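Novice: The structure is given below, and queries will be raised subsequently.
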Amino acid sequence: MTLNLATDKIANGLVIEASAGTGKTYTVAALVTRELALDDKLRIGHILITTFTRNAAAELRERI
C-alpha cells in the first residue's frame, strides 16, 4: 500500500509498518505535522506515537 502524504486521511489507529530505512520516521513526522497544521483544535498531546527505539522517538520529537 502506498501512502500519499498530501491527501490520505489518518484513520484512528493508523499503523505504519515497514523495514528499516524505508522512511517510516519521515512519514510519521510529515503526517503529524500536516494534521497539526490543518486542525486548529488538534494538539500534540492528543496524538500517541509509539516507536521501538529511543533514537527513533528522539528523531520524531526533533522533526515534529
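The values are calculated or read from the model by the stated rules, or taken from the named source; none is laboratory data. Not measured: the values here are computed from a predicted model. In this analysis, Cβ positions are derived from the backbone assuming ideal geometry, glycine residues included, and neighbour counts consider all displayed protein chains. All accessible areas refer to the heavy atoms of the entire protein, side chains included, with ligands and DNA or RNA removed. Shrake-Rupley method; radii C 1.70, N 1.55, O 1.52, S 1.80 Å.
Novice: Restricting to the stretch 19-64, count the residues that are exposed (fewer than 10 other Cβ atoms within 10 Å of the Cβ) and either in contact with a strand residue (DSSP E or B) (Cβ under 6 Å, 6 or more places away or on another chain) or not in a helix (DSSP H, G or I) (or both).
Specialist: 10
Novice: Looking at the stretch 1-26, I want the residues that are of a type in the set (Phe, Trp, Tyr) and have a partner that is surrounded by 11 or more Cβ atoms within 10 Å (Cβ to Cβ) with Cβ atoms under 8 Å, at least 6 apart or on another chain. Which pairs are those?
Specialist: So the pair list comes out as 26/63.
Novice: Could you tell me which numbered condition residue 1 fails, if it satisfies all but one of (1) aliphatic (A, V, I, L, M); (2) open to solvent by less than 90 Å² (accessible area, probe 1.4 Å); (3) modelled with pLDDT under 80?
Specialist: Going through (1) aliphatic (A, V, I, L, M); (2) open to solvent by less than 90 Å² (accessible area, probe 1.4 Å); (3) modelled with pLDDT under 80 one by one, residue 1 breaks only (2).
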